[in-house]
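Report on one structure; see the data block that follows.
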Amino acid sequence: MAGAEGKEGGKRGKSRKRPPSERPVVGWREWVELPELGVDRIKAKIDTGARTSSLHAFGLERFRRDGREMVRFEAHPLQRDTSVRIPVEAELVDRRSVRSSTGTETVRPVIETDVTLLGQRWPIELSLIRRDLMGFRMLLGRQALRGRFVVDPGRSFLGGKPEPATKDARKEPEER
C-alpha cells in the first residue's frame, strides 16, 4: 500500500491532534496489547527514532485467500521466552524497505492492526521481522505515536505492569 505510509496510524483513521500539554505521557518502554492478533501483552520499546513500528515474527509465510495477499507467522510476545507461541494470520498491506538501527536495509512485510496503550486503541502499521537478538519483541515507532502521546525518556511503564502470566494464560489460544 504505497502512499498510505504517510497517513497517521494507517489507512483506517488519522490520529486526533491534541496540543502536547493535553496528551498522555508514556515512558521509553510500555506494555501494549495487539488485540486483533491475540497478543494480550507485549513489552514495547517506545522508539521515536524508528519511523515504522515492528513486531518479532518467525515462520513467516505468504499466501492468498479470497484473492487477498496474506501472511501467516508466529509471535513470541515475551522477552527471553520462546514457550509462548501465538499463531497469527493477517492481510499483507505492503512490502516496504526499512533501514534498521545498524544501517541494514531490508524489505519487510507490513500488516495493519490495532494497538492498545493507556486505554487508547488505534490502528497502526507493523513491519514483521525476526527480533530474536533484540532487547524488545516490539518497537512502537513515531508514526504510531504522532499526535497521541508525549514520551518521557526517563520513565517506564507509566501504563502499569501487567499481572504475571499464569500457566493457563501461557497456553496456546486453542488449548484454553
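The set of residues from the range 61-99 being closer than 18 Å to Gly141 by Cα and either in contact (Cβ under 8 Å) with a residue 24 or more places away in the chain or hydrophobic (A, V, I, L, M, F, W, C) (or both) comprises Pro77, Val93, Asp94, Arg96, Val98.
Just checking, does the range 99-109 include any residue being in contact with a Phe, Trp or Tyr (Cβ under 9 Å, 6 or more places away or on another chain), within 16 Å of Ile129 (Cα to Cα) and not aromatic (Phe, Trp, Tyr)? Steps first, answer last, please.
As a first pass, look at the range 99-109 and keep what is in contact with a Phe, Trp or Tyr (Cβ under 9 Å, 6 or more places away or on another chain): 109.
Still in the list and also within 16 Å of Ile129 (Cα to Cα): 109.
Then keep just the ones that are not aromatic (Phe, Trp, Tyr); that gives 109.
Yes, the conditions are met somewhere in the range 99-109.
For (1) crowded, with 17+ Cβ neighbours inside 10 Å; (2) of a type in the set (S, T, N, Q); (3) modelled with pLDDT of 95 or more, each residue gets a yes or a no:
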| site | (1), (2), (3) |
| --- | --- |
| Glu105 | no, no, no |
| Pro109 | yes, no, yes |
| Arg131 | yes, no, no |
| Phe136 | yes, no, no |
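Per the listing Leu118, Leu126, the residue uniquely surrounded by 23 or more Cβ atoms within 10 Å (Cβ to Cβ) and either touching a strand residue (DSSP E or B) at 6+ places or on another chain (Cβ under 9 Å) or free of Cβ contacts under 8 Å to residues at least 60 places away in the same chain (or both) is Leu126.
Please tell me if Thr106 is in a strand (DSSP E or B), in contact with a helix residue (DSSP H, G or I) (Cβ under 8 Å, 6 or more places away or on another chain) and not small (Gly, Ala, Ser). For Thr106, the condition - in a strand (DSSP E or B), in contact with a helix residue (DSSP H, G or I) (Cβ under 8 Å, 6 or more places away or on another chain) and not small (Gly, Ala, Ser) - is not met.
Restricting attention to the range 41-68, which residues are in a strand (DSSP E or B) and among the hydrophobic types (A, V, I, L, M, F, W, C)?
We begin by selecting, within the range 41-68, every residue in a strand (DSSP E or B); these are 41-47, 53-56, 58-65, 68.
Answer for the range 41-68, where residues must be in a strand (DSSP E or B) and among the hydrophobic types (A, V, I, L, M, F, W, C): Ile42, Ala44, Ile46, Leu55, Phe58, Leu60, Phe63.
Checking each residue in the range 69-93 for being of a type outside the set (S, T, N, Q) and either on the phi > 0 side of the Ramachandran plot or part of a loop (DSSP other than H, G, I, E, B) (or both) picks out His76, Pro77, Leu78, Arg80, Asp81, Val84, Arg85.
Rundown of residues vs (1) farther than 16 Å from Phe136 by Cα; (2) of a type outside the set (Gly, Ala, Ser); (3) buried (at least 16 other Cβ atoms within 10 Å of the Cβ); (4) modelled with pLDDT under 95, yes/no style:
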{"site": "Ala4", "(1), (2), (3), (4)": "yes, no, no, yes"}
{"site": "Lys7", "(1), (2), (3), (4)": "yes, yes, yes, yes"}
{"site": "Ser15", "(1), (2), (3), (4)": "yes, no, yes, yes"}
{"site": "Ser21", "(1), (2), (3), (4)": "yes, no, no, yes"}
{"site": "Glu30", "(1), (2), (3), (4)": "no, yes, yes, no"}
{"site": "Pro35", "(1), (2), (3), (4)": "yes, yes, no, no"}
{"site": "Val39", "(1), (2), (3), (4)": "no, yes, yes, yes"}
{"site": "Ala50", "(1), (2), (3), (4)": "no, no, yes, yes"}
{"site": "Gly59", "(1), (2), (3), (4)": "yes, no, no, yes"}
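The values are calculated or read from the model by the stated rules, or taken from the named source; none is laboratory data. Keep in mind the model is a prediction, meaning the values are calculated, not measured. Neighbour counts are summed over all protein chains in view; Cβ atoms, including those assigned to glycine, are modelled from backbone coordinates with ideal geometry.
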